[in-house]
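Report on one structure; see the data block that follows.
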Amino acid sequence: MTRKSRSYFQSAEQLQQDLKEFFDREELRRLHKREPIKHFAFVAWQFLLLFGCGWILWSFSNPLIWIPTALVMGFTIFNFTVLLHEQVHRLIFNGRYKKTMRFLGWLYAFPSGISATQFKVWHTDHHENLGDDEEDPKRFHLSPKRVARWYKLLYCTPVLFPIYFRAARAETATYDEATQKTISLERTLTIGGHLAIAALLWWGGGWEAMARVWAVPYFFVFPVAFTLNRLGQHYFINPDDPAAWGTRVDGNWFWRLAFLNSNHHLEHHYFQSVPLYNLPELNRQLRPFFEQRGIRNFGYGEMLYGWFIKNHVPHTKMEDEPVQATMAGSPQG
């Protein structure tokens with residue numbers, strides 16, 4: 001496996017010291033506490049939405065019913081990647097529980113059709129190399145390299161899937177052989193499972209039922225949820241300050257509900273071992289720190305306007321001028 005430099009740790013050394021001085025140690029320990037019952041309450045809620053929306057989509061063909069339900073279904077499919085993120089950071093149990101954690105990784109990865117192992121390696125590299133144009137795989141592979149509105153819109157369509165899987169394949173090629181085999185097996189099982197579900201839906205209810213229950217939420221809503229969530233991660237930042245290498249999105253009850261608190265992505269990079277159910281409280285306690293550092297809050301509407309209307313360049317300040325449609329001079333991931 002190609003070794004990366006883990007450059008973020010050096011860049012954020014002073015930031016970590018500043019955060020250590022800002023927080024009360026006991027309060028920080030409380031925020032890091034893992035409570036499995038809370039985690040599995042989120043899991044139960046997502047499965048309730050998944051199967052409940054599936055039943056409604058199967059049973060009703062009225063567009064006034066199935067279209068909004070498909071929106072909820074697509075966001076729920078995306079939110080299983082948020083649960084997978086918790087599994088990757090070991091934020092579920094206080095012990096290790098290797099077999100259970102491996103099963104949960106597969107379970108949470110299945111709805112989106114990705115490999116749990118690939119996501120784990122990819123995401124670990126992202127944390128360790130945040131801010132690096134080449135060694136952060138999310139930054140290198142997934143940010144639009146063409147700063148053009150039409151190209152950005154492709155990420156909100158089924159085109160996202162070939163973009164993502166091509167990126168995953170390129171990054172996986174740098175892993176050791178054993179890891180590559182595991183990823184290949186997991187990807188085959190998840191994709192095969194999705195195709196089997198689609199076939200069963202078609203057989204049982206025809207192509208319209210299959211489209212409502214599976215194709216529309218997965219191929220047309222999931223990419224929108226993915227792109228919207230990604231806008232609130234690292235696209236609107238201050239590249240000169242490691243404390244602002246993520247986007248601050250305080251959000252409100254709706255966005256915390258819609259994204260399982262994953263709108264608090266900057267806070268997660270500060271303290272990656274804080275479980276999702278404690279992120280809103282972490283955000284509230286960090287707000288004075290944000291104000292001291294001049295880290296402003298963004299809303300999703302503002303980010304959408306900046307991204308598509310002003311044609312914002314990823315990983316730059318919001319105040320930067322829009323650019324003409326062009327190929328980026330260096331990889332922007």
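Quick note: the coordinates plus some simple rules give every number you see, no bench work behind them. Remember, it's a predicted structure, so these values are computed and weren't measured experimentally. Quick reminder, even Gly has a Cβ in these numbers, built from the backbone with ideal geometry, and neighbours come from all protein chains shown.
Count charges around residue 231 for me, please; just the other residues with Cβ under 12 Å from its Cβ, Lys/Arg as +1, Asp/Glu as -1. Write out the running numbers ahead of the final one.
Numbers: positive: 152, 230; negative: 302.
Spelling it out: positives minus negatives among the neighbours equals +1.
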Q: Pull up all non-local amide H partners of residue 148: gap of 5 or more, or a different chain, and H-to-H distance under 5 Å with H placed in the peptide plane.
A: 326
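At a Förster distance of 25 Å, what's the computed FRET efficiency of residue 6 paired with residue 178, Cβ-Cβ distance as r, to 0.05?
Numbers: r = 22 Å, r/R0 = 0.87.
E between residue 6 and residue 178, to the nearest 0.05, is 0.70.
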Q: Go through segment 206-212 residue by residue and turn each phi into a ³J(HN,Hα) via Karplus (6.51, -1.76, 1.60, θ = phi - 60°); whole Hz please, and just put x for glycine and proline.
A: x, 5, 5, 5, 4, 5, 5
Q: Filter the cross-link list 99/145; 4/98; 20/98; 38/152 down to pairs whose alpha-carbon distance in this structure exceeds 29 Å.
A: 99/145; 20/98; 38/152
Q) Given a Förster radius of 45 Å and the C-beta distance between residue 151 and residue 61 as r, what FRET efficiency does 1/(1 + (r/R0)^6) yield to the nearest 0.05? A) 0.85
Q. What is the helix-to-structure angle for 63-88, meaning the angle in degrees between its Cα long axis and the longest Cα principal axis of the chain, kept from 0 to 90 and rounded to the nearest 10?
A. 50 degrees
Q | Sequence-distant residues sharing a close amide H with residue 316 (under 5 Å, placed H) | A | 237
Q) Just how large is the dipole of segment 7-327 about the Cα centre, in debye to the nearest 20, putting +1 at every Lys and Arg Cβ and -1 at every Asp and Glu Cβ? A) 940 debye
Q. Hey, what D do you get for the chain in µm²/s if you plug the Kirkwood alpha-carbon radius into Stokes-Einstein at 10 °C and 1.306 mPa s?
A. 76 µm²/s
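Would you mind putting 10-21, 245-256, 87-98 in packing order, based on average other-beta-carbon counts within 10 Å, highest first? Present the calculation step by step, with values, prior to reporting the outcome.
Numbers: 10-21: 12.9, 245-256: 18.7, 87-98: 15.5.
The most tightly packed comes first, giving 245-256, 87-98, 10-21.
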